[in-house]
Amino acid sequence: MSNPSLLILPGDGIGPEVMAEVSKVIQWLGDKRGMKFDVSEDLVGGCAYDKHGVPLHDDTMAKAQEVDAVLLGAVGGPKYDNLDFSVKPERGLLRLRKEMDLFANLRPAQCFDALADFSSLKKDVVAGLDIMIVRELTSGVYFGEPRGIFEEGNERVGINTQRYTESEIDRVARSAFELAMKRNRKLCSMEKANVMESGILWREVVTEVGKDYPDVELSHMYADAGAMQLTRWPKQFDVIVTDNLFGDLLSDLAAMLTGSLGMLPSASLGSPMENGRPKALYEPVHGSAPDIAGQGKANPIACILSFAMALRYSFDAGNEAERLEQAVNAVLADGLRTADLLGEEGVQPVSTSEMGDAIVAKLEASL
Ligand code: IPM
Ligand code: MG
């Protein structure tokens, strides 16, 4: 049997630096755990634009469709701010999501014990927090038609369309219920059924799907109230399922609660391929951080934890995922901090590669 295949797209800004640390982990797994991957690497975002004039080349898109999982660093940077909308770095990422049909975006918001003090909320509100946001990723207002800027009379009008089909809601709801079954069996669905028809349909379909999961306690919240409850007492939630745009907002909010924006991973999953693995792309929640790019200051943990999600969801290696997560916890418990996590007195930051090396050392120590 051939090795599982990985396409690595480091992207822009700090993407290449943090991905280099993931490569150390991949190397270690191959050497020490006999888990070998066929790894290829390519361009996405601004760097792809620089080379090809588009943020994602068709050949890269085709490769992404074939591999068992894609790992992405980050896209974008000020250099590309004035590009035409159609070739902006973000369009590369959106094309991957859409064409791979990665409809379920899993964004855990977890508060690491060692970092509870970094939250802008009181420690007891966030300590031990562990929630999972499931964001619909291939539809809604991000992709709905009509869209554009049009002339209307003597002025212009900007239009985007919120659109959801029943089947789109059904499949993401099922993913969320399945996850809830493996966690604390609570699912909260968020929309704006008080103002949007798409929200009414969303609520109906999620309720209907819920009949197949009688063991999961389902609740509904308007998304604005959901934002409020997330800041008031986030530990009331286990899994949250919501649409593309609300999920974009709520996942940033939830990430910041943990005080660890630079630490959070994500998985974007589609339907199973022939080999049974879901189409999948893994990426850190943080962006390309152009202000610190190339300086060895970036925190590689979000990208490394994204690879842990890949081990769990694509490669059926939950035990190795856990080993990696524990290694991350252990370096944090030792007091190792990259520059984004400073605040404690007298702590000297470690570099991106020192953090990566320390995590690999913990992996080694776990054997
Ligand atoms: C995210 C980002 C993206 C989004 C951008 C970069 C297109 O904010 O992944 O949350 O809006 O989905
Ligand atoms: Mg976002």
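Counting DSSP beta bridges in the range 130-257, what percent are antiparallel, to the nearest 5? Here the antiparallel bridges make up roughly 30 percent for the range 130-257.
Of Lys32, Lys24, Lys51, the residue with the largest accessible area leads and the full order is Lys51, Lys32, Lys24 (1.4 Å probe). If you wrap the chain in the convex hull of its Cα atoms and look at it from every side, the mean projected area works out to 19.7 nm².
Annotation for the range 261-367: GluC sites (Glu not before Pro) lying in DSSP loop with at most 14 further Cβ atoms inside 10 Å of their Cβ are Glu274, Glu344, Glu345. Legend: translational diffusion of the range 286-367 by Stokes-Einstein, Rh = Kirkwood radius over C-alpha pairs, 25 °C, 0.890 mPa s; D = 182 µm²/s. Sorting Asp248, Asp38 on solvent-accessible area from highest to lowest, probe radius 1.4 Å, gives Asp38, Asp248. For the range 103-161 versus the range 302-367, the spacing of their alpha-carbon centroids is 25 Å. The residues neighbouring Met273, those whose beta-carbon lies less than 13 Å from its own, together hold a net charge of -2 under the Lys/Arg +1, Asp/Glu -1 convention.
Taking a straight line from the alpha carbon of Lys63, these lysines sit under 17 Å away, with near neighbours fewer than eight places off in the same chain left out: Lys98, Lys279. In the chain, the DSSP beta bridges split such that about 45 percent are antiparallel, to the nearest 5. With contributions of -39500 (n - 2.57) from each DSSP H run of at least four residues, the per-residue ellipticity at 222 nm computed over the chain stands at -12500 deg cm²/dmol.
Remark: the range 1-160 carries a charge dipole of roughly 340 debye about the Cα centre, counting +1 on each Lys and Arg Cβ and -1 on each Asp and Glu Cβ.
Ligands, DNA and RNA left out, the 1.4 Å accessible surface of the range 130-257 is 51% carbon and sulfur atoms. The fraction of all Cα pairs in the range 227-281 landing in successive 5 Å bins from 0 to the largest distance is 4, 15, 22, 22, 15, 10, 8, 3, 1, given as whole percents.
The values are calculated or read from the model by the stated rules, or taken from the named source; none is laboratory data. Note that the structure is predicted; figures quoted are calculated from it, not measured. We place every Cβ from the backbone using ideal geometry, glycine too, and count neighbours over all the protein chains shown. Protein only, heavy atoms only, side chains kept; ligands, DNA and RNA dropped before computing areas. Shrake-Rupley method; radii C 1.70, N 1.55, O 1.52, S 1.80 Å.
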